[in-house]
Amino acid sequence: MPAATATSTPQHDRLMTDHLHFAPPARRSGVSVWRQIADTLAEDIRNRRYSDTGRLPSETELSARFGVNRHTLRQAVNALQSEGLLRVEQGRGMFVQQALVSYPLSRRTRFSENLQRQGLLPAKQWLTARSQPAGERVARELRLAPKEPVLMVENLSEANGQPLSLMTAYYPAARFGAMLEMLGEGTSTTEVLRRLGVEDYLRAESRITTQMPSEETARLLRQPVTRPLLCVESLDVDLQGVPIKFGETVFCGDRVQLCVCMDQTAP
């Protein structure tokens, strides 16, 4: 075979490296090709691959990268649009819809304040609020007797209309018996606690893990069931160190980055 006559250039080498690195995804049992493409592009967005311009490659370039036709690629793009990760501008191309929301975990973790500092509009949708006996784990965290009544509150949190997290929280019913009624009136949790005698409270502990969503959780967060969640178990205490809330919050891993604050003097 004759020797190749084409010469290598830095641009050519970079393109070849990209081609090798971004080979078409291997088929996984039970996962469609377009879903695998959507997951790969979501990972690119999470890793800020397009942060310089916010613009994704063209349909032609992406089709070539993944070795699929445009119909398959558009299925992936449509899914990312519905999940709020992409927007398509006619005649201009595809753009990252939003950057990752930074969510600080510190001794004063407040959802609304976290988002407002980033210019985002926070919102909460209350899903469940009821009194029930404390399970073994909840009773231990809140230092209650087994099966002592607690108030269970579940809410969906959003930023600019995009779901970010789903929280389930437990409060001692003996101390906060009027909470459910006040929340039903639209009062914020922090204000409810203040009215019930807790002027301020601190985060005593945050434990971070990952988990896969249930079908219902994935539906509420508008994400696929194949995408992992960030999970934060937390314990809040009053200024005397008495537990007032034990909770579990699951965050969309593609929309949120958790930032642990190591400076204990920070708010």
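Considering only Val153, Val198, Val77, the mean-square fluctuation computed in a Gaussian network model of the chain, springs between alpha carbons under 10 angstrom, is largest for Val198.
Other residues within the sphere of radius under 14 Å centred on the Cβ of Met152, judged by their own Cβ, net out at 0 (K and R +1, D and E -1).
Report, in degrees rounded to the nearest 10, the 0 to 90 angle that the Cα long axis of helix 33-46 makes with the longest principal axis of the chain. Taking the Cα atoms of the chain, the angle to 33-46 is about 70 degrees.
In terms of overall dimensions, the C-alpha atoms belonging to the stretch 134-217 reach 33, 30, 23 Å along their principal axes, ordered largest to smallest. Short-range pairs are left out: with C-alpha atoms under 8 Å and at least six residues apart, the relative contact order of the chain is 17 percent. Note on the chain: GNM, Cα springs under 10 Å; of Asn47, Asn155, Asn114, the largest mean-square fluctuation is that of Asn47. For the residues Ser157, Ser106, Ser188, a GNM of the chain with alpha-carbon springs under 10 Å puts the largest fluctuation on Ser188.
Computed over the chain, the P(r) tail beyond 26 angstrom holds 52 percent of alpha carbon pairs. By how many degrees, between 0 and 90 and to the nearest 10, does the Cα long axis of helix 70-82 differ from the longest principal axis of the chain? Rounded to the nearest ten degrees, it is 20. Taking GluC sites (Glu not before Pro) as exposed when their DSSP state is a loop state and no more than 14 other Cβ atoms lie within 10 Å, the longest site-free interval of the chain runs over 1-184. Three principal axis extents of the stretch 185-267 based on alpha-carbon atoms, in descending order, are 42, 36, 18 Å. Using only the alpha-carbon atoms, how far is helix 10-21 inclined from the longest principal axis of the chain? Give it as 0 to 90 degrees, nearest 10. Orientation of helix 10-21: about 60 degrees from the principal axis. Within the stretch 101-260, the ratio Rg/Rh, alpha carbon atoms throughout and Rh by Kirkwood, equals 0.94.
Bear in mind that the values in this text are calculations on the coordinates, not laboratory data. Small disclaimer: the values here were computed from a predicted structure and weren't measured. Backbone-built Cβ (ideal geometry, glycine too); neighbour counts: all protein chains shown.
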